[in-house]
Amino acid sequence: MPHPYVLLSAAVSLDGYLDDTGPGRLLLSGPDDFDRVDEVRASADAVLVGAGTVRADNPRLLVNSPERRAARLAAGRPEYPLKVTVSGTGDLDPAAQFWHTGGDKVLYTTDRGAERARALGLATDVVPLGPALDWRRLLEHLHAVRGVRRLMVEGGGHIHTQLLTQGLADELQLVLAPLFVGDPRAPRLFGPGAYQAGRLRLVETRPVGDVVLMRYEPTAPGTGPLPVAADHHWLALACELAAACPPSRTAFSVGAVVVAADGTELARGHSREGTDPVVHAEEAALAKVDPTDPRLPGATVYSSLEPCARRASRPAPCARLILDAGVRRVVTAWREPDTFVAGADGSGVLAAEGATVVVLPEYEEHAKAPNRHLTGG
């Protein structure tokens, strides 16, 4: 199910620490960066911190700028983003500033934690997620029930680590402060875990006062039926490529991208690319990859439309080309309708030979857009 765009925000020292071990909070950012964070908060539908951050820092998590709050109201949004925290035990101080400032709040917890939170009388909506915390279920609930489309996560390090290792973070905004902590007892931003392979993509870097902001996106595809954040990025690119197709009355406009397990783009293509009036997107992309490339068996093919199971223009349909290339994971936005081929089931052909097919229906309208003249929708 769809979930919000998840933005992780943090500031660290040059040696990677979130704080020192002193009694007060170590201020890593300066006024310029605090204002930038305020701007990012104002852009979000919800702001999330873990229970440890609520206990240690007693944050208010407000949008401080009156102008930004006024702009939210003028746009028909609440004055403040929804405030969210997560606790397995539900054991939180009812007097914490988190509950008594800003607008609406929600606590996600376990079934047992919900009993504890309600007994404490916390001023919040309490949502139990079952016997254990489940990040995917939490994000799906925020999207479906609370209407959150953009979620800003401000910590702490344990929360950031969980979201990254589970492939649920769409963006990391990391601020590097010009100081050292040097105390191994101090908290670090990221802990040990099974992080995804490959390098993140650097989206932006810029100075903000005396700190440096770096924005990164994950690139590594998922490895099974559950989508990760990078799957969304690559499928969105495939849908953009579909819009580059020369229009046709007899074939769909489709875009495709082939991505290695470490997030390296191996090739991309789109329908009717170049001088070939009948080439399909997956066919065009795979033709650009050396068939002996050892990365193909671990790669993912992203296609805006389900790979075809039958075609009249060429002997081999795209589902067969994908399988013959050794690829065993496909992510698509839209099941092929019966416009040209009745009972099309490329996903079935792929699955019958052990390939995993992931459908992200939230991109269906994007994939359909360059094909409205065919579907009439």
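Restricting attention to the range 323-360, and to residues there that are under 20 Å from LEU237 (Cα atoms) and at pLDDT below 95, which single residue is surrounded by the most Cβ atoms within 10 Å (Cβ to Cβ)? Here the residue is TRP334.
Across the range 239-257, the number of residues qualifying as surrounded by 20 or more Cβ atoms within 10 Å (Cβ to Cβ), modelled with pLDDT under 95 and either part of a strand (DSSP E or B) or β-branched (Val, Ile, Thr) (or both) comes to 0. Of all the criteria given as (1) modelled with pLDDT of 95 or more; (2) surrounded by fewer than 20 Cβ atoms within 10 Å (Cβ to Cβ); (3) touching a Gly at 6+ places or on another chain (Cβ under 7 Å), the one not satisfied by GLY52 is (1).
Pull up the range 175-218, narrow it to residues that are out of contact with any helix residue (DSSP H, G or I) (no Cβ under 9 Å at 6 or more places or on another chain) and within 21 Å of ARG149 (Cα to Cα), then point me to the one that is surrounded by the most Cβ atoms within 10 Å (Cβ to Cβ). Result: TYR216.
Please pick out the residue among VAL49, VAL40, VAL54 that is touching a strand residue (DSSP E or B) at 6+ places or on another chain (Cβ under 9 Å), closer than 24 Å to LEU163 by Cβ and not in a helix (DSSP H, G or I).
Numbers: VAL40 fails: not in a helix (DSSP H, G or I); VAL54 fails: not in a helix (DSSP H, G or I).
VAL49 is the lone residue from the list that is touching a strand residue (DSSP E or B) at 6+ places or on another chain (Cβ under 9 Å), closer than 24 Å to LEU163 by Cβ and not in a helix (DSSP H, G or I).
Selection of first residues in the range 349-364 that are touching a residue at least 12 places away in the same chain (Cβ under 8 Å) and of second residues that are crowded, with 16+ Cβ neighbours inside 10 Å and small (Gly, Ala, Ser), restricted to Cβ pairs under 6 Å at least 6 apart or on distinct chains, gives the following pairs, ordered by first then second residue: VAL349/ALA309; VAL349/ALA319; LEU350/ALA319; VAL357/SER347; LEU360/ALA333; TYR363/ALA333; GLU364/ALA333.
Results for (1) within 30 Å of ASP276 (Cβ to Cβ); (2) aromatic (Phe, Trp, Tyr), shown as yes or no for each residue.
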position	(1), (2)
LEU164	no, no
GLY167	no, no
ALA177	no, no
PHE190	no, yes
ARG206	no, no
PRO221	yes, no
PRO247	yes, no
ALA251	yes, no
ALA261	yes, no
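Exactly one residue out of PRO78, PRO59, PRO2 is assigned to a loop (DSSP other than H, G, I, E, B) and within 20 Å of ARG137 (Cα to Cα): that is PRO2. Has the range 285-301 got at least one residue that is closer than 18 Å to TRP334 by Cα, surrounded by 16 or more Cβ atoms within 10 Å (Cβ to Cβ) and not assigned by TED's automatic domain parsing to the domain that holds GLY30? Yes, the range 285-301 has at least one match.
Scanning the range 186-224 for residues that are outside the structural domain of ASP32 (by TED's automatic domain parsing) and over 15 Å from ASP170 (Cα atoms) yields THR223, GLY224.
The values are calculated or read from the model by the stated rules, or taken from the named source; none is laboratory data. These figures come from a predicted structure and were not determined experimentally. FYI the Cβ positions are ideal-geometry reconstructions off the backbone, even for glycines, and counts take in every protein chain you see.
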